[in-house]
Amino acid sequence: MSNKLHIVSLGCTKNLVDTEVMMGKLQNFELTDEQGDADVIIVNTCGFIDAAKEESINTVLNLHDARKEDSVLVMAGCLSERYKEELATQMPEVDIFTGVGDYDKIDELLQKESRFSDEVFLIDGAQRIVTGSTYHAYIKLSEGCNQTCSFCAIPSFKGKLNSRNLDSIANEVEALVAKGYYDFSFVSQDSSSYLRDQNIKDGLSLLIQRIELIDGVKSARILYLYPSTTTISLLKNIAKSEIFHNYFDMPIQHINDEMLRIMKRGFGKSQTLELLEFMKSLPNSFLRTSFIVGHPGETVEMFDEMCEFAANFGFDRINVFSYSDEETTPAYDMSEKNPAEVIARRADILGQIASECLEASLKKEIGKEVEITIDGESDEHEYLLSAKETIWAPEIDGEIYVNDRTKDEELEFGKIYKAKITDIVGNILTATVDNA
Ligand code: SF4
């Protein structure tokens, strides 16, 4: 079999790590962007909500249309795992189906037929090809989730919380540092529950201590904190760290007390506010969250309360999700469902508020001296370099155009520089780098 591989990673950053593991197993293949040239096409799908499921199926069907004869089309990941029976009959276009358990066996799978293992794969030493950056990598903390959020099907196909042990994570980070990576985003479905499946309450604080011992790690952040397992002592440990930024990504999904109870979030309005206020009180803190609109039982008053809060609390970044009616979830069996047009209207309204919060947060940066990391040439113009504030997570928090520097020396891609934020163009900041 000649070996050209076209691989697509859909969904979240956790899925991306699993895709990188598959690429690590298929290093004998030549990667190609040309779908029609590929001998093997792999789609690592997302099965979280309707919009993601649709994107996954359309991506597979479009690749089927574009593929060459005798190529092999593989459907992997969450959607494939969640609907293994249905897809096997409904998608004859696909040659091999696999789920969330065999990423590190993809090379064997290509020699055989579809396979779903009972285990959920959790990276532990598997070689991976880090994509998208020469200095940043996502690090998985765990797989699965023990929470029971009313709207979420993830535990039904990713299983119970299964944390990596600290050595496994530290070894992976050390190996990546040896390859020149120095910026890391720690991810999972519920990061603040890290090691709770091993009866360790403050797993993330232990992680911070351990990562700080690794020479060469310059920058790090934790994504996907869960309110009821996030403690003030954890936030203090993050704030004390020289390496972990005061970057707080905590999806709260709603703020109305009754709706938080209906959503089975395990934490009410006052406790959630206490955490957020403390985060906001920390120096140079960056707050990211997400909200779900239109959950069954959400009244106009509850929605208005959420909008009021989102508009005024001071979040730097807000993700807005429309409620998706997912079978196997508790919300699916709830009455008082909101009509699709009401959900869409609420998503527009809160989406507008999210854009205003983004703009306000970006404008606050103008005139500031900050640390930025140069990612490369911008898509805008060859003389404009693309960068991000070092505290920001890649790709999701914004872009900065570097249009000037204090000395003529070339700026190195992947390097951290001090810079002055000078202006904003649309939602993109501009900066002058101090490379004196
Ligand atoms: S924390 Fe809630 S929303 Fe997130 S994966 Fe777990 S059950 Fe789903």
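Quick notes on this one:
- Disulfide-incompatible cysteines by the Cβ rule (no partner under 4.7 Å) in the chain: Cys12, Cys46, Cys78, Cys145, Cys307, Cys357
- All distinct Cα pairs of region 4-112 go into the 1/r average, and the inverse of that average, the Kirkwood radius, is 13.6 Å.
- Accessible surface of region 369-433 [probe 1.4 Å, protein heavy atoms]: carbon and sulfur percent: 44
- Whole-number percent relative contact order across region 369-433, with pairs defined as alpha carbons under 8 Å at least 6 apart: 36
- Multiplying each eigenvalue of the alpha-carbon gyration tensor of the chain by 5 and taking the square root yields semi-axes of 32, 30, 23 Å, largest first, rounded to whole angstroms.
- Loop-located GluC sites (Glu not before Pro) in region 276-379 (DSSP state other than H, G, I, E, B) with a sparse environment of at most 15 neighbouring Cβ atoms within 10 Å: Glu327, Glu336.
- Extended-chain gain in nm, criterion 0.36 nm per residue less alpha-carbon gap, Ala344 and Glu54: 102.7 nm
- In this structure, Lys84 and Lys407 have a Cβ-Cβ separation that, at R0 = 41 Å, corresponds to a calculated FRET efficiency of about 0.10.
- Split the accessible area of region 1-126 by element, probe 1.4 Å, and carbon with sulfur accounts for 44%.
- What region 136-362 shows is 39 Å² of accessible area per residue, with the surface traced by a 1.4 Å probe over protein heavy atoms.
- For the peptides 15-22, 422-429, 143-150, the ranking by mean Cβ contacts within 10 Å, running from highest to lowest, is 15-22, 143-150, 422-429.
- Two-site FRET efficiency, Lys201 against Glu69, from Cβ-Cβ distance with R₀ of 60 Å, rounded to 0.05: 0.60
- Sequence-distant contacts, meaning Cα pairs under 8 Å at least 6 residues apart, place the relative contact order of the chain at 10 percent.
- Percent of alpha-carbon pairs separated by more than 14 Å within region 369-433: 49
- In units of the compact-protein estimate 2.2 N^0.38 Å, region 125-196 shows a Cα radius of gyration of 1.23.
- Trypsin sites (Lys or Arg not before Pro) lying in DSSP loop within region 1-79, provided at most 16 other Cβ fall within 10 Å: Lys68
- In the calculated pair-distance distribution of region 271-345, the portion above 15 angstrom amounts to 62 percent of the Cα-Cα pairs.
- For region 136-362: relative contact order, % (alpha-carbon pairs under 8 angstrom, 6 or more apart): 18
- R0 of 30 Å, Cβ-Cβ distance Leu61-Ile396: FRET efficiency to nearest 0.05: 0.65
- Label-reachable residues, region 120-141, where backbone N falls under 17 Å from a point 7 Å from Asp33's Cα toward its Cβ: 131-134
The values are calculated or read from the model by the stated rules, or taken from the named source; none is laboratory data. What you are looking at is a predicted structure, and each value in this text was computed from that prediction instead of being measured. Every residue, glycine as well, gets a Cβ built from its backbone with ideal geometry; the counts of neighbours run over all protein chains shown. Accessible surface is based on the protein model in full, side chains and every heavy atom, while ligands, DNA and RNA are left aside. Shrake-Rupley method; radii C 1.70, N 1.55, O 1.52, S 1.80 Å.
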